[in-house]
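The block underneath contains the structure these notes are about, expressed in structure tokens.
The values are calculated or read from the model by the stated rules, or taken from the named source; none is laboratory data. Keep in mind it's a predicted model, so treat the numbers as computed, not measured. Cβ atoms come from the backbone with ideal geometry, glycine included; neighbour counts cover every protein chain shown. With ligands, DNA and RNA removed, areas are computed over all heavy atoms of the protein, side chains included. Shrake-Rupley method; radii C 1.70, N 1.55, O 1.52, S 1.80 Å.
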Amino acid sequence: MTTTDARTSGRKPAQLVDMNWDPITRIIGNLGIYTKIDFANREVVECHSTSSLFRGYSVFMKGKDPRDAGFITSRICGICGDNHTTCSNYAQQMAYGVKPPKLAEHITNLGEAAEYIFDHTIFQDNLVFVDFCEAMVKATNPGVLARAERTDAPRGDVHGYRTIAEIMKAFNPFEGEVYKEALKVSRITREMFCLMEGRHVHPSTLYPGGVGTMPQPSVFTDYLSRLMRVIDFVKKAVAMNDDVFDFFYEALPGYEEVGKRRILLGCWGAFQNPDVVDYRYATMNEWGKAMYVTPGIVVDGKLVTNNLVDINLGLRIMLGSSFYEDWVNEDPFVTHDPLGNPIDMRHPWNQTTVPVPQKRDFQGNYSWVMSPRWYHPDTGEHLALDTGGGPLARLWSTALSGLVDTPYVKATGGGIRITLPKGEKLPETTLEWRIPKWSNTLERDRARPYFIAYAAAMALQFLEEAMGMLQSGDTKVFENFEVPDESIGCGFHEAVRGVLSHHLVIRDKKIANYHPYPPTPWNASPRDIYGTPGPYEDAVMGQPIFEENGPDDFKGVDIMRTVRSFDPCLPCGVHMYMGKGKTLSTVHSPTYGANHG
Amino acid sequence: MTTQSGTTEARADAPEGFDEITILWISEGMSCDGDTVSLTAAGQPSIEDVVLGLIPGLPRVNLVNKVLSPSLGGEDFLAPYRKAARGELEPFILVIEGSIPNQNIIEGDGYWTSFGNDPATGEPQTLNWWIDQLAPRAWAVVAAGTCATFGGIHAMAGNPTGCMGLADYLGWEFKARSGLPVVNVPGCPIQPENFMETLVWVLQHAAGTAPPPPLDHMLRPQWLFGKTVHEGCDRAAYYEQADFAKDYNSPKCQVKVGCWGPVVNCNVPKRGWMSGIGGCPNVGGICIGCTMPSFPDAFMPFMDEPPGGTLSSMVIKPYGAVIRRLRGITNDMVNHEPRWRHNKQKLTSGYNPHWRA
Ligand code: SF4
Ligand code: SF4
């Protein structure tokens with residue numbers, strides 16, 4: 001939780017105002033953020049995150065043919081549907097005991113790399129950055145904009161903008177140069193995606209057992225030529241983002257407190273290594289660690305584990321504030337994993353989803369989202385892990401593990417080095433992301449363009465290897481399999497915005513149970529049975545307010561920056577609360593806030 | 001193989017035409033927002049082209065959509081919707097994305113999906129409430145994507161929400177102020193250009209520069225959904241020669257490994273997914289019928305040969321005419337929605353959360 005204790009001395013009587021943002025636009029699902037803000041002390045004192053949408057995948061997949069799972073689960077998400085299909089196929093491959101041909105892994109990796117580049121670009125440049133653009137800063141912190149006009153951009157030689165304010169201007173929605181270019185890049189990178197996976201959003205060529213994509217040289221050269229067209233944009237994006245985020249720390253001392261939480265990051269790993277992965281549960285720790293983004297759980301800056309088996313065993317799905325009936329009295333589907341480890345009743349393999357629509361009550365149940373947590377075996381805590389919006393956790397976990405060592409990407413223990421080749425205008429460039437001091441809003445955002453570079457660099461390697469196979473005549477992309485009568489499987493992957501797992505139980509060749517856990521339930525979860533708030537709630541609660549506007553024309557930009565830093569699903573645009581919250585009460589308690597959090 | 005001909009009569013009395021029109025887009029149906037995301041992939045024309053007035057013959061368009069609206073959001077974002085609900089904003093086109101849940105099966109105060117809160121009570125305002133307010137006042141109503149047109153994935157057998165498509169909800173006889181029925185643009189998600197073209201035609205009609213778009217009996221644009229996948233497929237020559245792929249490693253016809261192309265109305269293999277790139281059977285993906293009223297149930301399990309596929313593949317040459325007729329029958333079958341998509345007070349989807357086999 002955000003530390004505000006340092007600011008409790010010299011507090012003024014609280015002036016509490018209820019402010020809510022519902023719907024928050026440009027996300028998938030219906031997210032609402034409900035806060036109480038203390039304008040006297042300029043901080044958020046309470047936050048509830050709620051989702052008002054139920055769709056029911058884990059219910060209606062029961063009894064279906066398990067091979068259909070990837071096609072169906074893609075439709076969970078309209079922006080990262082392919083991540084679901086991929087994850088589903090991973091889970092199915094474990095259940096069926098099938099290992100796809102290597103070339104299929106390369107094609108899937110290339111599709112996923114294009115997806116990361118596309119999605120992070122459109123999200124960062126057309127949504128997140130709008131919160132930092134000239135128009136927005138002018139409306140919320142005019143003093144900061146004045147300073148930005150006087151501040152030279154340190155990396156101007158790379159991106160071409162002289163001052164910080166010029167960068168901010170380039171991100172103005174619809175008019176700014178970078179804003180418009182980002183939309184174009186998002187189309188080019190989606191074409192790259194379609195070359196590998198057929199269609200964007202819901203791919204057509206991915207199957208359990210491999211892909212149907214025709215492995216012709218032109219597929220790969222068409223991809224490569226597009227990748228090279230965007231490579232300089234990627235280098236510039238990193239430089240511009242770094243300039244602006246560094247400037248914010250400088251211009252608004254204390255901004256590191258915005259959206260700061262305890263470091264509790266989860267990453268489930270991405271980009272299978274085709275030479276190692278065999279999808280068997282028994283060898284999952286080995287092939288998990290061979291992935292080109294290393295899975296891991298990072299607590300207080302330390303790597304707790306990078307074993308996928310441990311990660312799997314610790315998953316717990318809790319209720320507490322959600323519109324569902326508990327399943328604790330059902331028969332378990334899975335009592336032990338294939339290695340003989342006991343499986344908890346609150347594990348996704350054993351979950352039964354029974355929706356109970358009801359009135360929203362912030363003292364009771366208030367969301368259709370459940371509360372995924374990770375049980376730390378050493379401390380007994382149920383950790384409300386977040387994904388850092390995806391990239392922060394991915395880079396952090398990969399850096400600490402120090403296992404990724406490829407021609408273009410290298411994990412160094414303290415960071416990640418990424419080398420991008422010469423592009424149209426800019427020379428070969430080596431970027432270095434270093435583990436930051438905080439898990440906060442600015443660092444979640446900063447990690448994103450670095451991960452775009454990471455994905456682009458990995459794509460180069462996958463392309464080279466795939467082309468090599470093709471040229472030597474190795475063109476097999478699909479391996480046949482039988483659906484067993486009874487089996488279980490799990491898939492671990494990274495959706496664009498973070499951890500993604502699918503858990504599958506097969507009985508009589510049908511789906512007996514299926515539970516997908518995408519990143520947004522982790523990040524957007526409400527308070528669990530122990531009262532532990534979910535990550536959005538936790539990150540917003542206690543955060544200071546830097547916006548210069550008062551309650552009457554308050555826009556909530558600092559709060560929106562925090563929520564957006566987690567990448568709540570859908571790209572694009574500016575969306576803020578306009579004005580006039582309802583004044584709740586003026587609490588004459590000079591120590592209000594000392595005991596919250 | 002084409003579908004039955006349309007239900008919209010070209011009206012002699014084309015409207016006088018509007019100079020300006022608002023598009024109120026609601027994606028709070030049970031959707032993945034994939035249709036909005038797809039829309040941003042369109043290049044011919046792009047949504048920016050339409051909004052910035054670069055397409056001749058259209059009225060000025062005010063787009064209110066979560067992705068592209070210049071509004072600051074919150075109540076400010078909801079303001080035009082509220083205005084329209086009060087009857088103070090005319091004319092407008094209502095676009096719905098996502099399946100429409102059946103609120104009638106909920107007892108008590110719960111909701112399946114909502115869009116903003118009631119300003120008076122602070123309680124969530126359901127999607128159904130908004131549709132009830134806005135559809136009767138809309139100049140045209142457009143359903144974007146298979147969820148909104150026919151119910152789609154979320155309306156599959158065993159679903160708990162009893163959801164359905166917009167025309168099921170409003171009634172298939174529904175007519176908007178323009179006299180147009182619900183305009184259905186199916187696709188899971190919409191093929192980007194298919195949607196933009198349809199929208200442009202509706203807008204030209206609003207401007208008075210074009211007759212109403214021709215729709216088929218399922219209210220789909222005829223020129224987009226009048227042919228089958230198969231008719232546009234690169235692999236059709238293999239089909240003709242009864243040369244079939246045995247698994248997904250092959251460039252040959254995929255009918256034996258799950259392709260439903262022969263009976264599905266969709267132009268994606270011909271058109272590609274975006275800028276002519278990608279698609280389904282043409283690039284190695286089976287057609288799972290994602291544009292169809294009976295999607296997904298009629299096409300599952302997806303990876304198996306469609307019933308009748310063998311017959312048609314064996315007798316393909318000598319009995320072409322017979323096959324065409326058989327194909328027609330199957331096409332009719334998959335052009336109907338399952339019966340459980342309705343707005344009655346009963347859930348008939350076969351929902352059973354405790355299924356354990
Ligand atoms: S792959 Fe499908 S659409 Fe193409 S020819 Fe074969 S059956 Fe027809
Ligand atoms: S070809 Fe089939 S699966 Fe592909 S978009 Fe058309 S209907 Fe959907």
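At-a-glance table
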| read-out | value |
| --- | --- |
| Accessible area in square angstrom per residue, chain A, 1.4 angstrom probe | 29 |
| Environment charge at B:Pro269 (Cβ cut-off 12 Å; Lys +1, Arg +1, Asp -1, Glu -1) | +3 |
| Of A:Val144, A:Ile117, A:Tyr179, farthest towards positive along the dipole that unit charges on Lys, Arg, Asp, Glu beta carbons give the range A:114-188 | A:Val144 |
| Cα long-axis angle, helix B:192-207 against chain B (0 to 90 degrees, to the nearest 10) | 50 |
| Chain B, relative contact order in percent, only Cα pairs under 8 angstrom and at least six apart counted | 21 |
| Semi-axis lengths (Å, descending) of the ellipsoid that matches the C-alpha gyration tensor of the range A:370-470 | 30, 17, 13 |
| Excluding exposed DSSP-loop GluC sites (Glu not before Pro) (at most 11 other C-beta within 10 Å), longest clean stretch of chain A | A:1-423 |
| Around A:Thr406: net Lys/Arg minus Asp/Glu count, Cβ-Cβ under 11 Å | -1 |
| Per-residue [θ]222 nm for the protein assembly as shown (sum of -39500 (n - 2.57) over DSSP H runs n ≥ 4, rounded to 500) | -9500 deg cm²/dmol |
| Value in Å of the Kirkwood radius, where the range B:228-280 supplies the Cα pairs that are averaged | 11.2 |
| Distance between the range A:104-163 and the range B:130-182 - C-alpha centres, whole angstrom | 38 |
| Whichever lysines have a C-alpha closer than 25 Å to that of A:Lys235, once near sequence neighbours (fewer than 8 apart) are set aside | A:Lys169, A:Lys180, A:Lys184, A:Lys410, A:Lys422, A:Lys425, A:Lys437 |
| Portion, in percent, of the accessible area of the range A:301-366 that falls on carbon or sulfur, probe 1.4 Å | 45 |
| B/A buried area, accessible surface, summed, 1.4 Å probe, Å² | 6800 |
| Equivalent ellipsoid dimensions for the range A:273-423 as semi-axes, Å, which come from the Cα gyration tensor, largest first | 34, 20, 14 |
| Probe 1.4 Å, accessible area per residue of chain B, Å² | 35 |
| Neighbourhood net charge (15 Å Cβ-Cβ; Lys/Arg +1, Asp/Glu -1) for A:Glu479 | +1 |
| Minimum 40 Å² accessible area buried by the other protein chains, the range B:156-171 residues, probe 1.4 Å, relative to alone | B:Met156, B:Pro160 |
| Straight-distance crosslink candidates among aspartates and glutamates, where the alpha carbon sits under 14 Å from B:Lys270 and sequence neighbours closer than 8 are dropped | B:Glu193, B:Glu231, B:Asp234 |
| Free-standing Cys, chain B [no other Cys Cβ under 4.7 Å] | B:Cys32, B:Cys147, B:Cys163, B:Cys233, B:Cys253, B:Cys259, B:Cys266, B:Cys280, B:Cys287 |
| Solvent-accessible area lost in complex, 30 Å² minimum, residues of the range A:71-85 relative to chain alone, 1.4 Å | A:Phe71, A:Ile72, A:Arg75, A:Gly78 |
| Other-chain or far-sequence residues with amide H under 5 Å of A:Glu46's (modelled H) | A:Lys36, A:Gly542 |
| Sequence-distant residues sharing a close amide H with B:Leu215 (under 5 Å, placed H) | B:Thr7, B:Thr8, B:Gln222 |
| Carbon + sulfur, % of accessible area of the range A:391-432 - ligands and nucleic acids excluded, 1.4 Å | 48 |
| D_trans [Stokes-Einstein, Kirkwood Rh over alpha-carbon pairs] for the protein assembly as shown, 37 °C, 0.692 mPa s, µm² s⁻¹ | 117 |
| Between the range B:196-219 and the range A:202-260, the Cα center-to-center distance that results, in Å | 38 |
| Cross-link pairs A:Lys64/A:Lys99; A:Lys62/A:Lys359; A:Lys102/A:Lys302; A:Lys138/A:Lys302; A:Lys36/A:Lys359; A:Lys236/A:Lys302 - those with Cα-Cα distance over 29 Å | A:Lys102/A:Lys302; A:Lys138/A:Lys302; A:Lys236/A:Lys302 |
| A:Asp508 accessible area, assembled protein chains, probe 1.4 Å, Å² | 100 |
| Most positive-pole-ward Cα, A:Pro274, A:Leu315, A:Leu420, against dipole of chain A from beta carbon charges | A:Leu420 |
| Calculated from backbone phi, Karplus (6.51, -1.76, 1.60) coupling profile of the range A:276-289 in Hz, x at Gly/Pro | 10, 5, 10, 6, 7, 5, 4, 10, 4, 4, 5, 6, x, 6 |
| Area of A:Ser51 that stays accessible when all protein chains are in place (1.4 Å probe, Å², to 10) | 20 |
| B:Cys233 - accessible surface, heavy atoms, 1.4 Å probe, Å² rounded to 10 | 20 |
| Rg/Rh (Cα only; Kirkwood hydrodynamic radius) as it applies to the range A:138-218 | 1.26 |
| Residue-wise HN-Hα coupling along the range B:174-180, computed from phi with Karplus coefficients 6.51, -1.76, 1.60 (Hz; x: Gly, Pro) | 3, 10, 7, 3, 6, x, 6 |
| Residues of the range A:351-400 buried by at least 40 Å² on assembly (accessible area, 1.4 Å probe, chain alone as reference) | A:Pro357, A:Lys359, A:Arg360 |
| Apportionment of accessible area to carbon and sulfur, chain B, percent (1.4 Å) | 53 |
| Distance between the range B:86-104 and the range A:334-378 - C-alpha centres, whole angstrom | 35 |
| Heavy-atom accessible area order for A:Lys422, A:Lys62, largest first, 1.4 Å probe | A:Lys422, A:Lys62 |
